[in-house]
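The values are calculated or read from the model by the stated rules, or taken from the named source; none is laboratory data. The model shown is predicted, which means the values in this text are computed figures rather than measured ones. Backbone-built Cβ (ideal geometry, glycine too); neighbour counts: all protein chains shown.
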Amino acid sequence: MERLRIHIGLDDTDSPRAGCTTYVALNLCRRLVDIGVVFAEVPRLVRLNPNIPWKTRGNGAVALTVEVEPGDLDRVVDVVDGALREFSDVEHGKSAPTAVLIPDPVPEDVKWLYRRALYTVVPLSVVERILSRVPIRVVSVKRGKLRGLIGALAAVGAYDMEDFTYEFLVYRSPENWGLERKVVFESVLEFDEVTKFLTFNNVDEEGERVLITPHGPDPVLYGVRGEDPLVLIHSLKYIRVEEEVYGWCLFRTNQGTDAHLCNLTTSVHPYDSITVRGVVIDVPRVLPGSHVILKVAVDGRVVECSVYRETGILRSMALKLRPGDVVYVMGGVRPLPGGKLTLNVEKIIVEKSTPRVVEGNVPCPRCGKTMTSLGARGGVKCRRCGFRISSIKIKSLNYVGDEVCGTWVASKRAHRHLTKPLERSGLEHPWIHHCPVVKWFCILDKVY
């Protein structure tokens, strides 16, 4: 009898104090293999709207696509339930470990839910309507707490990503959770140099800070991201760690794709991820703490945009904007006291800039070198070629503007999981149902 293809979605297994949904998925994969389940592809790590206020850290869910014997489906449900109970942070009040099992093909309603969950708040009433129309088996550890349903369904709905990358996650032994991670800094620099253009966000622009290690008490030791799964798995040969490794797993993911910024709109609602196109109407204003405020006219209304100090390069560029510049501004909407809304900026594309008048030293008309003053005698002289002009002042007015045109992103240390680094431009690719990796996860030295 032909096997059934089933999609399993997992979410809300962690809490602010501990846990990780990918860790639950890793252990679930082993248990499914042990009962004869066949995987159709590597697991999917799906990041959703990063502005949801009740999310735990990265707002990520996981989906598995498996093939099972028709008579084994109930057994698979039991294995999923057992993994949720054993490896989730069940005791924490804010967790709601949830799984869904959906037969292939993925319903269009579920794909639609994923696209919505990328950039806006999805109410449970929407999920309930989908449940009434689609054959879905729900596994919930905490009766009555169904918030994890949204992420679990959305993870399944992300089956056909328009763009994707891979992440290779290495996990710590439980006795080391909460302790300082022992990853050798120099080895990360070496890996970054060897895999340049095939991986991204390993270290910051200055090469002073490692970006592959999380900071919380979760089970992840490090995670490397890139385009080629084989390159990522080879990180095991380059990146040196000085603590015991529990296991590792490869994920296909929407990280580094800007998938959450697909919503080009003129409407601004709390917690949405949006892209607006408009015109800068005022000179940028610097607040205490060095944050920058931009005002952009969008379809007859003014949108206030906040560019925080931590964004580094992006903040420096925002200070160069002037009234009349045509820009695309991308980020998340945050409500402020009094009902006011601000757009926390992640990326700016300057489509057209207005001319700037900048005062500067006169260039030599013969060789281009900056000219210097002749003092009380008046005029200027070129130090390189000796050319003189007797009837001009040292300062002149130059018109510039094109230098600000282009795409500007926050410094790497301020990237969100979904932020597309500039080095990925042109590398976008739709999902082809093939992955050249046979062995893609490992637990306690056993590779599967």
Quick check: anything in segment 321-330 more than 21 Å from T354 (Cα to Cα), in contact (Cβ under 8 Å) with a residue 40 or more places away in the chain and surrounded by 15 or more Cβ atoms within 10 Å (Cβ to Cβ)?
no
Within segment 10-49, restricting attention to residues that are touching a helix residue (DSSP H, G or I) at 6+ places or on another chain (Cβ under 7 Å) and in a strand (DSSP E or B), which residue is surrounded by the fewest Cβ atoms within 10 Å (Cβ to Cβ)?
R44
Top-ranked residue of segment 299-353 - restricted to ones that are assigned to a strand (DSSP E or B) and small (G, A, S), ranked as farthest from the chain's Cα centre (by Cα):
S306
Specify the residue that is surrounded by the most Cβ atoms within 10 Å (Cβ to Cβ); the eligible residues are those in segment 137-148 that are modelled with pLDDT of 95 or more and touching a Ser or Thr at 6+ places or on another chain (Cβ under 8 Å).
V139
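Residue-by-condition table, conditions (1) over 21 Å from L230 (Cα atoms); (2) β-branched (V, I, T); (3) modelled with pLDDT of 75 or more:
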residue	(1), (2), (3)
I394	yes, yes, no
Y399	yes, no, no
V437	no, yes, no
K446	no, no, yes
Out of all the residues in segment 135-167, which are in a loop (DSSP other than H, G, I, E, B), touching a strand residue (DSSP E or B) at 6+ places or on another chain (Cβ under 7 Å) and not aromatic (F, W, Y)?
P135, I136, L146
Of the residues that sit in segment 75-99 and are hydrophobic (A, V, I, L, M, F, W, C) and in contact with a strand residue (DSSP E or B) (Cβ under 8 Å, 6 or more places away or on another chain), which one is surrounded by the fewest Cβ atoms within 10 Å (Cβ to Cβ)?
V77
From the set of residues in segment 168-188 that are surrounded by fewer than 17 Cβ atoms within 10 Å (Cβ to Cβ) and either among the aliphatic types (A, V, I, L, M) or within 19 Å of the chain's Cα centre (by Cα) (or both), which is farthest from L422 (Cα to Cα)?
L179
Suppose we keep only residues that are over 21 Å from C20 (Cα atoms) and in contact with a strand residue (DSSP E or B) (Cβ under 7 Å, 6 or more places away or on another chain) within segment 202-223. Which one would you say is surrounded by the fewest Cβ atoms within 10 Å (Cβ to Cβ)?
R209
With the checklist (1) modelled with pLDDT of 80 or more; (2) assigned to a helix (DSSP H, G or I); (3) more than 34 Å from the chain's Cα centre (by Cα) in hand, flag the one item C367 doesn't pass.
(2)
Within the set of pairs 6 or more residues apart or between chains, which connect a residue that is among the polar types (S, T, N, Q) inside segment 372-386 to a residue that is surrounded by 10 or more Cβ atoms within 10 Å (Cβ to Cβ) and not in a strand (DSSP E or B) with Cβ atoms less than 7 Å apart?
T372/R383; S373/I394
Being modelled with pLDDT under 95 and of a type in the set (D, E, K, R) is the filter; apply it to segment 189-207 and report the residue that is nearest to F164 (Cα to Cα).
K196
Only one of E67, E128, E86, E91 is in a strand (DSSP E or B), over 27 Å from the mean Cα position of the chain (by Cα) and either closer than 30 Å to G331 by Cα or not aliphatic (A, V, I, L, M) (or both); which?
E67
Filter segment 230-263 for residues that are over 21 Å from L198 (Cβ atoms) and at pLDDT below 95; the one that is surrounded by the fewest Cβ atoms within 10 Å (Cβ to Cβ) is C262
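Residue-wise test of (1) touching a His at 6+ places or on another chain (Cβ under 7 Å); (2) surrounded by fewer than 17 Cβ atoms within 10 Å (Cβ to Cβ); (3) more than 22 Å from K439 (Cβ to Cβ).
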{"site": "N51", "(1), (2), (3)": "no, no, yes"}
{"site": "A63", "(1), (2), (3)": "yes, no, no"}
{"site": "E67", "(1), (2), (3)": "no, yes, no"}
{"site": "L73", "(1), (2), (3)": "no, yes, yes"}
{"site": "L101", "(1), (2), (3)": "no, no, yes"}
Any chance you could count how many residues in segment 5-19 are modelled with pLDDT of 95 or more and farther than 14 Å from G148 by Cβ?
3
(1) assigned by TED's automatic domain parsing to the domain that holds L336; (2) within 15 Å of F164 (Cβ to Cβ); (3) of a type in the set (A, V, I, L, M): which one isn't true of I274, the others all being true?
(2)
